[in-house]
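Asks: Below is one structure. I have some questions about it.
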Amino acid sequence: MLAVSLLSFMPLQAQAQAYRLWYDRPAQTWTQALPIGNGTLGGMVFGTPAVERIQLNEETIWAGQPNSVCHPAARENLPRVRQLIYEGKYKEAEQLANEKVMPVGAGQNSGMPFQPFGDLFIAMPGHADYSGYERFLDLKNAHSIVRYTVDGVLYERETIAPLGSKVIAVHLTASRPGKISFTASFTTPHNDVLIGGEGEEATLHGVSAKHENLKGKVRFQGRMAAVATGGTVSQSNGQVSVLGADEATLFVTVGTNVVSYKDITGDEVRQSRDRLHEAMALGYEQLKKRHEELYHRYYDRVRLNLGDDRFPTVPTDRRVSTFREHADNHLVATYFQFGRYLLICSSQPDNINPANLQGLWNEKMLPSWDSKYTTNINLEMNYWPSEVTNLTEMNGPLFRLIDEISQTGRQTAEKMYGAEGWVLHHNTDQWRVTGPIDHASSGLWCTGAGWICRHLWEHYLYTGDVDFLRQAYPIMLEAARFYSQILVEHPSLTTRTSEPYLVICPGESPEHGGKGRQSPLDAGVTMDNQILFELYNEVLQAASIVGDNDPLLKTLTAQLKRLPPMQVGSWGQLQEWLDDVDDPQDNHRHFSHLFGLYPSNQISPYRTPALFRAARTSLQARGDVSTGWSMGWKVCSWARLLDGDHAYKLIQDQLTLTADTFLIFGTQKQRGGTYPNLFDAHPPFQIDGNFGCTAGIAEMLLQSHDGFLFLLPALPTAWGSGSVSGLRARGGFEVDLEWSDGRLSRAVVRSERGGVCRLRSLVPLKGKGLRAARGANPNPLCQVPVVPTPASEKVSVPKTYLYDLVTEPGREYILRR
């Protein structure tokens, strides 16, 4: 009664909604199974009563071994590639690059794939004939539950990948004593494994695969054991059996010999044994309790309420299939929280690796694109929700990777370009390769270091952590040093003062040459210029904060003036290249020239109206329906264009059910959208689409990139009433919002560091200390760049109200309409 009474007086945004993925039948395919994970171990739970299957991954099981890739003739051939580009011989330039610059031309590998450990099978005799079936993923507590009835007995399997431990635990119960009997075993797609046991523990010992002539040297050992109440437990020939128990818990873990990207001298046997015994000593209930405490510490920070659950008895896949016909706002909120759940599960602070192209979940020995780290958007997109949805600690493995590639990237910069600093091309893997991989048409893109450095700067803007910035600044500075040394003068295009533009050549707009163009290779593409403009400005600002006066800073200041500005083309578009050759019929999945709109903050309706209008024209021409991750990016971009209804239309496109049985039955072709288990469909599965759309939903509700906190900047008509709490904003602020009839009714701002909080609202606000804003925002964490832009009339945007709120550290401020 007390809890109910308190709940009735809780503000709207604080009332927790129940979010889960719910189904009335077992998974038939991998993209119907439900994901669990603790950063180290990932599992996909199928939920079949008679023979449960849990597909398993461990974060460090990758093919190959420590290595690097760099064509020995790259440095001497890059000048000729540049010259061919300048002469307009793009295809010849690409051919030469493939032969004499790209590592594949020298017979080297194109990076190593992330590989599965294998599968855990739990056979339960007599359970093929069942009734009353349900399975679900409880996002509130991070549990996977399977329930069904056999011969009048209710059975339940609760599976968790507990945070704070490196195991997966399956807890089996029945409504009558003595009814738990099963045999558990491992299988794996790896060759030549050893299956055995130690006492009552079963083991599977193997080594990762050879790939592209690089021998696999990641040794791994899976290990499991059962603890039962009543009945008997035994192990024989690598199988664990439980007979006649009242309840039982199966503990499963995997150990490897990977210590770091350059060290594989670990002891996988000891690690698997230690991980298992630590969890068993704690016991299932304590393991679960600690897991929930740690999980809630992250998950509960943000709550989103878009309305009641109108379809609680409809399976999630069917809700997705009918989403366009029904106003199922609760499904959108579930999808948002599912994205946060996936980031928590795949990127814990102490992990060796960040979330990869499939997060932590992969069943194939050769997954699409090797499930590596594609750094021309996909890795970055994985972490777009980390700051704004209040999961900043999940950045830990990403920051570790950035630090490590800044070291390996130095070698590539010197060997390939003869330059100081460090470089990252369009891909990396567990071994932190930084040379260009695959073919020149996608791999000879060298601004990955510039893009990924923005995550360091963004973390500083959200937190104001100067100590962190002092550690990150040298990485950013050395990335800028590399670019400062490889920029070349354009042979024909000049600045207004008749100085040749400084451009990256060869460069490319990622994976896209444009319709009718000979090759993606070019000089001075828009995205490269935007990334350098941003990186240079961030380094200069960071230098003033940490007190550095490196001579390079003067060079960066001078080079900034000679970078090509963004340009508006003949049909009003933002040009993707220096030449005005964009095709209005081009609907390519990448629209990299809009990097300046999102995730960067170079394009604004208030500061750069001509570029804002041109960006909108370009995005309209690109179309809506595309690959899953591309639609996630478009949600973010339309939110930045302040068009909530168009952003919502992209959410509808993204939440379109993708057939995942066409390979089996050949009846339907896959398309971009969402699989039955809410995984993003490129297709195939790429987790970046989940993360991109999650960030986009947050961007529709709160923006802080343009020098102020914009409250409900892109609220769609479909979300007439609702609330959100715990979103983070640049400047060290946390924000709660409530709205009704499509208008903000109440806002709460919590200030972590104090200082001016500038607010923009579509409705007038009242609150203690609130005053009309004047002049530039003095908050150093909310500064915006001065972007060269064509002269233009203002764009049409809704009327807004701009306020300043002087805050104190640790204080909360309530504002009302």
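Asks: A97 passes all but one of (1) buried (at least 20 other Cβ atoms within 10 Å of the Cβ); (2) closer than 22 Å to A355 by Cβ; which number fails?
Replies: (2)
Asks: For residues in region 617-650 being of a type in the set (S, T, Y) and under 20 Å from N382 (Cα atoms), which is surrounded by the most Cβ atoms within 10 Å (Cβ to Cβ)?
Replies: Quick first cut of region 617-650, residues of a type in the set (S, T, Y) only: 617-618, 626-627, 630, 637, 648.
Then drop every residue that is not under 20 Å from N382 (Cα atoms), which leaves 626-627, 630, 637.
On the way: S626: 23, T627: 21, S630: 26, S637: 28.
Filtering region 617-650 for residues that are of a type in the set (S, T, Y) and under 20 Å from N382 (Cα atoms), the one surrounded by the most Cβ atoms within 10 Å (Cβ to Cβ) comes out as S637.
Asks: A further question on this structure: Among S492, S509, which is over 29 Å from the mean Cα position of the chain (by Cα) and more than 30 Å from E752 (Cβ to Cβ)?
Replies: On the way: S509 fails: over 29 Å from the mean Cα position of the chain (by Cα).
Unique residue meeting the criteria: S492.
Asks: Within region 424-463, can you find the residues that are outside any helix (DSSP H, G or I) and free of Cβ contacts under 8 Å to residues at least 60 places away in the same chain?
Replies: Taking region 424-463 and keeping what is outside any helix (DSSP H, G or I), we get 424-439, 444-447.
Scanning region 424-463 gives L424, H425.
Asks: For region 161-203, which residues satisfy the criterion of being of a type in the set (G, A, S) and surrounded by 22 or more Cβ atoms within 10 Å (Cβ to Cβ)?
Replies: The initial filter retains those residues of region 161-203 that are of a type in the set (G, A, S), namely 161, 164-165, 169, 174-175, 178, 181, 184-185, 196-197, 199, 202.
Result: A161, S165, A169, A184, A202.
Asks: Name the single residue that is modelled with the highest pLDDT among those in region 653-676 being over 20 Å from the mean Cα position of the chain (by Cα) and either in a helix (DSSP H, G or I) or of a type in the set (A, V, I, L, M) (or both).
Replies: Ranking the candidates gives L657 first.
Asks: Which numbered condition in (1) touching a Lys or Arg at 6+ places or on another chain (Cβ under 8 Å); (2) in a helix (DSSP H, G or I); (3) within 22 Å of R496 (Cβ to Cβ) is the only one that I603 fails?
Replies: (2)
Table: residues versus (1) closer than 19 Å to T253 by Cα; (2) of a type in the set (A, V, I, L, M).
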| position | (1), (2) |
| --- | --- |
| D267 | yes, no |
| R273 | yes, no |
| E278 | yes, no |
| L282 | yes, yes |
| K288 | yes, no |
| Y295 | no, no |
| L304 | no, yes |
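Asks: Out of the strands (runs of 3 or more DSSP E) lying entirely within region 200-254, which hold 1 or more residues that are on the phi > 0 side of the Ramachandran plot?
Replies: Values: elements: 201-207, 219-229, 232-236, 239-245.
Result: 239-245.
Asks: Can you give me the number of residues within region 67-81 that are part of a helix (DSSP H, G or I) and surrounded by 20 or more Cβ atoms within 10 Å (Cβ to Cβ)? It would help to see each step written out before you state the result.
Replies: So the first thing to find is which residues in region 67-81 are part of a helix (DSSP H, G or I), and the list is 74-81.
Still in the list and also surrounded by 20 or more Cβ atoms within 10 Å (Cβ to Cβ): 74, 78, 81.
Here the count works out to 3.
Asks: Tally up the residues in region 562-576 that are closer than 17 Å to P785 by Cβ and not in a loop (DSSP other than H, G, I, E, B), please.
Replies: Counting residues in region 562-576 that are closer than 17 Å to P785 by Cβ and not in a loop (DSSP other than H, G, I, E, B) gives 1.
Asks: Let me ask you something else. Would you check if V258 is without any contact (Cβ under 8 Å) to a residue 60 or more places away in the chain, open to solvent by less than 70 Å² (accessible area, probe 1.4 Å) and outside any strand (DSSP E or B)?
Replies: No, not satisfied.
Asks: Listed residues L424, L469; which is more than 16 Å from H71 (Cα to Cα) and either under 24 Å from the mean Cα position of the chain (by Cα) or aliphatic (A, V, I, L, M) (or both)?
Replies: On inspection, the qualifying residue turns out to be L469.
Asks: Quick one: which of R301, R324 is touching a Lys or Arg at 6+ places or on another chain (Cβ under 9 Å), touching a residue at least 60 places away in the same chain (Cβ under 8 Å), open to solvent by 30 Å² or more (accessible area, probe 1.4 Å) and more than 30 Å from S442 (Cβ to Cβ)? Lay out the reasoning, then the answer.
Replies: Numbers: R324 fails: touching a Lys or Arg at 6+ places or on another chain (Cβ under 9 Å).
The conditions single out R301.
Asks: Still on this model: What number of residues in region 278-291 are open to solvent by 80 Å² or more (accessible area, probe 1.4 Å) and either among the polar types (S, T, N, Q) or over 28 Å from the mean Cα position of the chain (by Cα) (or both)?
Replies: Step one: filter region 278-291 for residues open to solvent by 80 Å² or more (accessible area, probe 1.4 Å), giving 278, 281, 285-286, 289.
Imposing the further condition that a residue be either among the polar types (S, T, N, Q) or over 28 Å from the mean Cα position of the chain (by Cα) (or both) reduces the set to 278, 281, 285-286.
Matching residues across region 278-291 total 4.
Asks: Also: Can you tell me which residue within region 219-246, out of those that are in contact with a Gly (Cβ under 8 Å, 6 or more places away or on another chain) and touching a residue at least 60 places away in the same chain (Cβ under 8 Å), is most open to solvent (accessible area, probe 1.4 Å)?
Replies: L243
Asks: Tell me, yes or no, whether region 119-127 has at least one residue that is under 20 Å from R517 (Cβ atoms), within 31 Å of the chain's Cα centre (by Cα) and not in a helix (DSSP H, G or I).
Replies: Taking region 119-127 and keeping what is under 20 Å from R517 (Cβ atoms), we get none.
No, the conditions are met nowhere in region 119-127.
Asks: Is at least one residue of region 607-614 of a type in the set (G, A, S) and assigned to a loop (DSSP other than H, G, I, E, B)? Steps first, please.
Replies: Taking region 607-614 first, the residues of a type in the set (G, A, S) are 610, 614.
This time we only want the ones that are assigned to a loop (DSSP other than H, G, I, E, B), so: none.
No - not one qualifying residue is present in region 607-614.
Asks: Show the residue pairs that are 6+ apart or on different chains and have beta-carbon atoms under 6 Å apart, the first residue being within region 270-286 and within 15 Å of E200 (Cα to Cα), the second being outside any helix (DSSP H, G or I).
Replies: If the second residue must be outside any helix (DSSP H, G or I), the pairs left are S272/Q221; S272/R223; S272/T253; S272/G255; L276/R223; L276/F251; L276/T253; M280/F251.
Asks: Considering L294, L304, L331, L342, which residue is under 26 Å from the mean Cα position of the chain (by Cα) and assigned to a strand (DSSP E or B)? Reasoning before the result, please.
Replies: On the way: L294 fails: assigned to a strand (DSSP E or B); L331 fails: assigned to a strand (DSSP E or B); L342 fails: assigned to a strand (DSSP E or B).
Sole residue among the options that is under 26 Å from the mean Cα position of the chain (by Cα) and assigned to a strand (DSSP E or B): L304.
Asks: Looking only at region 720-768, which residues are outside any strand (DSSP E or B) and either farther than 22 Å from R301 by Cβ or open to solvent by 30 Å² or more (accessible area, probe 1.4 Å) (or both)? Even if it seems obvious, please write down each step before you answer.
Replies: Of region 720-768, the ones outside any strand (DSSP E or B) are 720-721, 730-732, 741-742, 752-754, 762-765, 767-768.
Once the filter is applied, which keeps residues that are outside any strand (DSSP E or B) and either farther than 22 Å from R301 by Cβ or open to solvent by 30 Å² or more (accessible area, probe 1.4 Å) (or both), region 720-768 yields G720, S721, D741, G742, E752, R753, L762, V763, P764, L765, G767, K768.
Asks: Of all residues being surrounded by fewer than 14 Cβ atoms within 10 Å (Cβ to Cβ) and of a type in the set (S, T, N, Q) in region 528-560, which is nearest to the chain's Cα centre (by Cα)? Just the residue, please.
Replies: Here the answer is S544.
Asks: Check whether at least one residue in region 781-800 is on the phi < 0 side of the Ramachandran plot, exposed (fewer than 15 other Cβ atoms within 10 Å of the Cβ) and of a type in the set (S, T, Y), and report yes or no.
Replies: Among the residues of region 781-800, at least one is on the phi < 0 side of the Ramachandran plot, exposed (fewer than 15 other Cβ atoms within 10 Å of the Cβ) and of a type in the set (S, T, Y), which makes the answer yes.
Asks: Starting from region 383-411, take each residue that is under 19 Å from R297 (Cα atoms) and acidic (D, E) and list its partners that are open to solvent by less than 20 Å² (accessible area, probe 1.4 Å) and assigned to a helix (DSSP H, G or I), counting only C-beta distances under 6 angstrom and pairs at least six apart or across chains.
Replies: From residues that are under 19 Å from R297 (Cα atoms) and acidic (D, E), the pairs are E387/Y462.
Asks: Now a separate question. If you check D579 against the conditions, is it without any contact (Cβ under 8 Å) to a residue 60 or more places away in the chain and of a type in the set (D, E)? Steps first, answer last, please.
Replies: Values: without any contact (Cβ under 8 Å) to a residue 60 or more places away in the chain: yes; of a type in the set (D, E): yes.
Here the answer is yes, as D579 does meet what is asked.
Asks: If you don't mind, there's one more thing I want to ask. Of the conditions (1) surrounded by fewer than 24 Cβ atoms within 10 Å (Cβ to Cβ); (2) in a loop (DSSP other than H, G, I, E, B), G64 fails just one. Which one is it?
Replies: Here G64 meets the rest and fails (1).
Asks: Quick check on my filter: what residues within region 654-666 are buried (at least 24 other Cβ atoms within 10 Å of the Cβ) and within 22 Å of I377 (Cα to Cα)?
Replies: Q654
Asks: Using the structure shown, decide if R454 is basic (K, R), open to solvent by less than 20 Å² (accessible area, probe 1.4 Å) and at negative phi. Give the steps one after another, and end with the answer.
Replies: On the way: basic (K, R): yes; open to solvent by less than 20 Å² (accessible area, probe 1.4 Å): yes; at negative phi: yes.
Answer is yes for this residue.
Asks: For region 363-404, what are the residues that are outside any helix (DSSP H, G or I), touching a helix residue (DSSP H, G or I) at 6+ places or on another chain (Cβ under 6 Å) and within 22 Å of E508 (Cα to Cα)?
Replies: If we filter region 363-404 for residues that are outside any helix (DSSP H, G or I), which is where we start, we get 363-367, 372-377, 383-384, 389-391.
Restricting the remaining residues to those that are touching a helix residue (DSSP H, G or I) at 6+ places or on another chain (Cβ under 6 Å) gives 363, 373, 375, 383-384, 389, 391.
Correct list: Y373, T375.
Asks: Can you pull out the residues in region 156-199 that are over 28 Å from S131 (Cα atoms) and in a strand (DSSP E or B)?
Replies: Going through region 156-199, the residues over 28 Å from S131 (Cα atoms) turn out to be 162-167, 187-199.
Of everything in region 156-199, those that are over 28 Å from S131 (Cα atoms) and in a strand (DSSP E or B) turn out to be T187, L194, I195, G196, G197, E198.
The values are calculated or read from the model by the stated rules, or taken from the named source; none is laboratory data. Bear in mind that the values here come from a model prediction, so they are computed numbers and not experimental data. A quick note on method: Cβ atoms are made from the backbone with ideal geometry, for glycine too, and the neighbour counts reach across all protein chains shown. Accessible surface is based on the protein model in full, side chains and every heavy atom, while ligands, DNA and RNA are left aside. Shrake-Rupley method; radii C 1.70, N 1.55, O 1.52, S 1.80 Å.
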